[in-house]
Amino acid sequence: MVNAGDMNGSGNLMDFLDEPFPDVGTYEDFHTIDWLREKSRDTDRHRKITSKSKESIWEFIKSLLDAWSGWVVMLLIGLLAGTLAGVIDLAVDWMTDLKEGVCLSAFWYSHEQCCWTSNETTFDDRDKCPQWQKWSELLVNQSEGASAYILNYFLYIIWALCFAFLAVSLVRVFAPYACGSGIPEIKTILSGFIIRGYLGKWTLLIKTVTLVLVVSSGLSLGKEGPLVHVACCCGNFFSSLFSKYSKNEGKRREVLSAAAAAGVSVAFGAPIGGVLFSLEEVSYYFPLKTLWRSFFAALVAAFTLRSINPFGNSRLVLFYVEYHTPWYMAELFPFILLGVFGGLWGTLFIRCNIAWCRRRKTTRLGKYPVLEVIVITAITAIIAYPNPYTRRSTSELISELFNDCGALESSQLCDYINDPNMTRPVDDIPDRPAGPGVYTAMWQLALALVFKIVITIFTFGMKIPSGLFIPSMAVGAMAGRMVGIGVEQLAYHHHDWIIFRNWCRPGADCVTPGLYAMVGAAACLGGVTRMTVSLVVIMFELTGGLEYIVPLMAAAVTSKWVADAFGKEGIYEAHIHLNGYPFLDVKDEFTHRTLATDVMRPRRGEAPLSVLTQDSMTVEDVETLIKETDYNGFPVVVSKDSERLIGFAQRRELILAIKNARQRQDGVVSNSIVYFTEDPPELPPNSPHPLKLRRILNLSPFTVTDHTPMETVVDIFRKLGLRQCLVTRSGRLLGIITKKDVLRHMAQMANQDPESIMFN
């Protein structure tokens, strides 16, 4: 017997794996990353850079560049996300107005911009100017009458259908991943799942273009959720330029968490709300360093958007409000009622939308995505045009509902009967009786509310980019404004009632209906998404209404309590479960008294566990095992008799290692012995070269005993982000628990179909 290392003096060849080879440490599509391994690899990389930095000035400069690369990536993400958001806002304004008319002086101007540049605009008719012409004026030279109305109506529908058809065609042909909100998938990716192409360059380009088209088409959806996806695509693109992030999936996810914050920052003009949204709603792993970087990325993105000034009001906020009246304690009751409404609407929406999306997945309806988009767009346009509150863009509608009625407002919602003897300052108008315009607006708002509630259920989840923030806020704002006007009129006509007597004297400005719209919007958004802290911060950043933080908090908490009473899942978690993504939600509680032995595989009656031995299998044996099974990795044991655990080898790395060895190392053949020990085994003379694969062996795989409670196992999987966990008894291998096994078991315990976890 001779030592194989002495044969032909080729011992150095057997350790060729001590040098890294291409693709080692990468993951296949639809697989989960190993967070502990990624963390360990980054620590090793950092240690190597630190030790090298003491060797020379050049290495020291390289270490500084490595330390600063994170901040550079954040700067680039903020600049690109802010620029894209500004361009999207400007394009949406122009294309939304294009459905109704065109600017003759410069066709790329929106209605508002066109009349800004006109010298013939009066204050009373500030929406009318000779440069802006409706399609009926341009084509048949008529602005009033039935024929003009029908022509405008027809062209409104045609434009909407063209925009929607172009959007769904682009998504279907070039980037299927550009559809939907993107937030459920972003949450899943941030939890460690790999979906290749979801954050790719094509997805970024197509989502940006189609987002403009679908929002302009007038469909009941928003651009805020998809902007988070767009920002994460920017984050993925820039992280691929730096090896620190491109070669480590764990580090890449830190960048994506910060990019999500930048996305919300530009979507709402809410940088702090964006950071909190990423922390509360999206991120799975959020260390303190990521918090600072998220803050910086959100700041740069907001600054970039402010520089572009897409809203033309020199403000970052989308719905700036200026209320002149404080809120009173008695108003907390209607605010809480709006919270209850928000919770009920959230529950209704989630259940109906998930039922419709499941139907789309399981019936022939899912085979015709283009037809579905065209039909929903046609129904939306036909019903929306006659009602002024559904015809305009949803952002404009919310802005009008949030507004306080000043002396210069020309909206129907501000058509109150004025007292001719009133001599009050302009900004302190007392409560007045509602005029005919307010009553008309009320029933139009009621119809618009019912329409929005129904159509949003069918719109969200189609094969186009679709956000949910703005439609949810619109539903709440309409309900809130109607409640606000009701309370205002009640206070005006019954100011002697005990609830109004202390704070609402005759001739005082007591109730602000716009505030009720703001609270209603927060309640409905909270009911659908189950956000609380980030929601309140986004709302006051969005409106600038800092002193109304208590009503917003009351409504947000109430809507969450009410919605949670009917089901713990928000809309994003519900879509994650519908799509079968392997997502272990930190918010879920596992209270069942099962043990690791109940969940591990193999179960009783199943084939024994597929394992590798430390020094007795040939290359051919390993290749046969890989070919006959589809497991992601194999435990390595001393021998099949003792089953003492040595470590764990990943399937992908075994394949790559053997392939590289055959190409680069002479003498490795099918009957070469594979060994995972430090020293080669003793082999007979003239044996082929053995193959040392110790470098790819994880010598410290996570293990639990067979009597570990599943409650602890679930907690370990959540907090450490494990892919798999080995089950032992006294050091002897018994079985394995994968993340998918944990999810299946949790579904089974909740009386759900365990096979709904579709992805491998």
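For the reader, a short list of remarks on this structure follows.
- Computed over the stretch 93-308: relative contact order in percent, which uses C-alpha pairs under 8 Å that are six or more apart: 15
- Sulfur and carbon atoms: percent of accessible area, the chain [1.4 Å]: 59
- Once the chain from Ile549 to Thr629 is taken as fully extended at 0.36 nm per residue, the excess over their C-alpha distance is 23.1 nm.
- Relative contact order %, the stretch 634-687, counting alpha carbon pairs below 8 Å whose residues are six or more apart: 19
- Prolate/oblate/rounded call for the stretch 93-308, Cα gyration tensor, a/c under 1.5 rounded: prolate
- Modelled label positions at Asp621 and Leu447, each set 7 Å beyond Cα in the direction of Cβ, lie 7.9 nm from each other.
- Protection proxy ranking for 509-517, 94-102, using the average of other Cβ atoms within 10 Å per residue and placing the highest first: 509-517, 94-102.
- Neighbourhood net charge (13 Å Cβ-Cβ; Lys/Arg +1, Asp/Glu -1) for Ser730: +1
- Rounded, prolate or oblate (a/c below 1.5 giving rounded, otherwise prolate when a/b exceeds b/c) for the stretch 642-692 by Cα gyration tensor: oblate
- Chain lengthening between Thr677 and Ala355 when straightened (0.36 nm per residue, less Cα-Cα): 110.5 nm
- Near Leu595, the amide H atoms lying under 5 Å from its own belong to Met710; only residues 5 or more places off or on other chains count, and H is placed 1.01 Å from N.
- Evaluated at q = 0.09 Å⁻¹: base-10 log I(q)/I(0), Debye formula over Cα of the stretch 276-397: -0.56
- With Cα atoms, 0 to 90° folded angle of helix 35-52 axis to the chain main axis: 80
- Spacing of the two label points (7 Å from each Cα toward its C-beta) at Lys128 and Arg732, in nm: 9.3
- Against the compact-protein benchmark of 2.2 N^0.38 Å, the Cα-based radius of gyration of the chain scales to 1.14.
- Gap separating the Cα centres of the stretch 469-542 and the stretch 320-365, nearest whole Å: 13
- Centroid-to-centroid separation of the stretch 133-151 and the stretch 701-760 [C-alpha atoms, Å]: 67
- Each Cα pair under 8 Å and six or more residues apart adds its sequence gap; the mean of these over the residue count of the chain is a relative contact order of 16 percent.
- When both bridge partners sit in the chain, DSSP labels roughly 75% of those beta bridges antiparallel.
- His493 accessible area, assembled protein chains, probe 1.4 Å, Å²: 100
- Gyration tensor (alpha-carbon) shape descriptor, the stretch 477-632, a/c threshold 1.5: prolate
- Taking Lys and Arg as +1 and Asp and Glu as -1, the other residues whose beta-carbon sits under 11 Å from that of Cys233 total +2.
- Calculated [222 nm] ellipticity per residue, helices only, for the chain: -17500 deg cm²/dmol; basis is -39500 (n - 2.57) per DSSP H run with n ≥ 4, divided by all residues, nearest 500.
- Surface accessible to a 1.4 Å probe, Leu449 within the full protein complex, Å²: 20
- Using the Cβ-Cβ distance between Phe107 and Val370 with R0 set to 45 Å, the FRET efficiency from 1/(1 + (r/R0)^6) comes to roughly 0.95.
- Per residue, the convex hull volume that the Cα atoms of the stretch 607-753 enclose (Å³): 131
- Counted charge near Glu755, where neighbours are those whose Cβ lies closer than 11 Å (Asp, Glu -1; Lys, Arg +1): +1
- Computed lengthening from Asp588 to Asp564, 0.36 nm per intervening residue step minus Cα-Cα distance: 7.4 nm
- Under 28 Å from Lys740, Cα to Cα: lysines that are on another chain or at least 8 residues apart: Lys39, Lys187, Lys247, Lys251, Lys361, Lys463, Lys568, Lys587, Lys627, Lys640, Lys719
The values are calculated or read from the model by the stated rules, or taken from the named source; none is laboratory data. Please read all numbers here as calculations on a predicted model, not as lab measurements. FYI the Cβ positions are ideal-geometry reconstructions off the backbone, even for glycines, and counts take in every protein chain you see. Note: areas computed on protein heavy atoms with side chains; ligands, DNA, RNA excluded. Shrake-Rupley method; radii C 1.70, N 1.55, O 1.52, S 1.80 Å.
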